[in-house]
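Below: the structure, in structure tokens.
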Amino acid sequence: MTVSDARRLLVPVADSETVRNTVAYAVEQAQAAADEGRSVELHFVVVASTRALDPDAPTELGEATELLDRVDVWIEEDLGTEPPGWLTITEEVLGADRYLFSPGDYADTLVEYGAEHGIDTVVLDPEYRPGGAAPMLRPLEVELSRGEFEIERAPVERRAQQTVLARAASLPKYLTLFGASYVFYMLLSAYTPFDFFTGAVTATLVTLLLAPITFSQQPSVTRLPVQLARLLLYIPYLLWEIALANFQIAYVVLHPSLPIDPEIVELRAAVWGDAAVTTLANSITLTPGTLTVSVSDRAFDIHSLTGGSREDLFDGGLERAVRFVFYGREAAAIPSPRERGDGGRPDGQSTDEEVAGDD
């Protein structure tokens, strides 16, 4: 074979429903380029969806390596042999050493890799969602357009949704949901034998009906007791914050001039996972002066009644405490929203005074 200029394809992979077909499509593109007399470089990368401070990081990094091992097997299946001489395969895990928050952060990682290795085409899995369960492909494509390469979405079909739901239930989900439902029921009961029986029946029904759809990720049975212990420390802190906010709002209400300054602001919180996001959103709502209006991709739209409530919000006390509950002490050291450059304005930009203060 006469080898001309090489074609370099970058394929970001994640454990999606269509990743297998995306790998097959990339191999087909490689074979088509080889038929034109070109050598081919296939770069399969996993952008670590976890953060280095997340206690699940070692597990998720291990899963990333396992996924790349599966990619190896799929490539051999599609080629029918070991990779021929015209094909070079590179596999790497990216982003494990940095904090990735938005689609732009993931895109930056891929763009940097593409520039370093001379990538000419990025092949995207239609189900590729590196930031979690929420759809990210459209904004990710926009962010990737900053790179000097073509972006091609693999033309693969998705599996039926009911197949995903059928596989969603697992023993950890059943046990976690049953335990939470049973404990909640008993907290509202009189602790009679009849209550213990009806609580078990009720928790069983709730578990059977809701376990397949309650969790987007598998709950960790080993980490759950630790998180519950931290949650017991968090509750007094939250109650203290609620009490302070009550005094602040009472002062505003009783003040003759009623010094309110209502405004909806966006908080881009450094939390991930349904439980942590829900806990932070509800904590903000429970604190007088702030109300979580909506949450999308960890971006919180929050109605704030006064400037003081916004200051407290972007100082990040609640956010740090929630990170401590779910990810541990080291994760609590992640910079606050203000330290990350979010001054609490509606557009997420700092005011001139805040910028001057930083200087």
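The values are calculated or read from the model by the stated rules, or taken from the named source; none is laboratory data. Every value quoted in this text rests on a predicted model; they were computed, and no experiment measured them. A quick note on method: Cβ atoms are made from the backbone with ideal geometry, for glycine too, and the neighbour counts reach across all protein chains shown.
Given the criteria of a type in the set (Val, Ile, Thr), surrounded by fewer than 19 Cβ atoms within 10 Å (Cβ to Cβ) and not in a strand (DSSP E or B), does Val295 qualify? The answer is no for Val295. Every listed requirement among (1) touching a Phe, Trp or Tyr at 6+ places or on another chain (Cβ under 6 Å); (2) surrounded by fewer than 18 Cβ atoms within 10 Å (Cβ to Cβ); (3) more than 21 Å from Phe184 (Cα to Cα) is met by Leu267 save one, (2). Consider the range 117-135 and keep the residues that are surrounded by fewer than 19 Cβ atoms within 10 Å (Cβ to Cβ) and more than 16 Å from Thr22 (Cα to Cα). The one that is modelled with the lowest pLDDT is Ala133. Counting only residues that are at pLDDT 80 or above, buried (at least 22 other Cβ atoms within 10 Å of the Cβ) and more than 15 Å from Val277 (Cβ to Cβ), the range 317-347 holds 0 of them. Return yes when Ser283 is buried (at least 17 other Cβ atoms within 10 Å of the Cβ), more than 16 Å from Tyr237 (Cβ to Cβ), modelled with pLDDT of 90 or more and in contact with a helix residue (DSSP H, G or I) (Cβ under 6 Å, 6 or more places away or on another chain) and no when it is not. Here the answer is no, as Ser283 does not meet what is asked. Is it the case that some residue within the range 262-275 is under 19 Å from Arg323 (Cβ atoms) and assigned to a helix (DSSP H, G or I)? Scanning the range 262-275, I find at least one residue that is under 19 Å from Arg323 (Cβ atoms) and assigned to a helix (DSSP H, G or I), so the answer is yes.
Counting the residues of the range 73-98 that are assigned to a loop (DSSP other than H, G, I, E, B) and surrounded by fewer than 14 Cβ atoms within 10 Å (Cβ to Cβ) gives 7.
Apart from one condition, Phe326 fits all of (1) of a type outside the set (D, E, K, R); (2) within 19 Å of the chain's Cα centre (by Cα); (3) not in a helix (DSSP H, G or I); the exception is (3).
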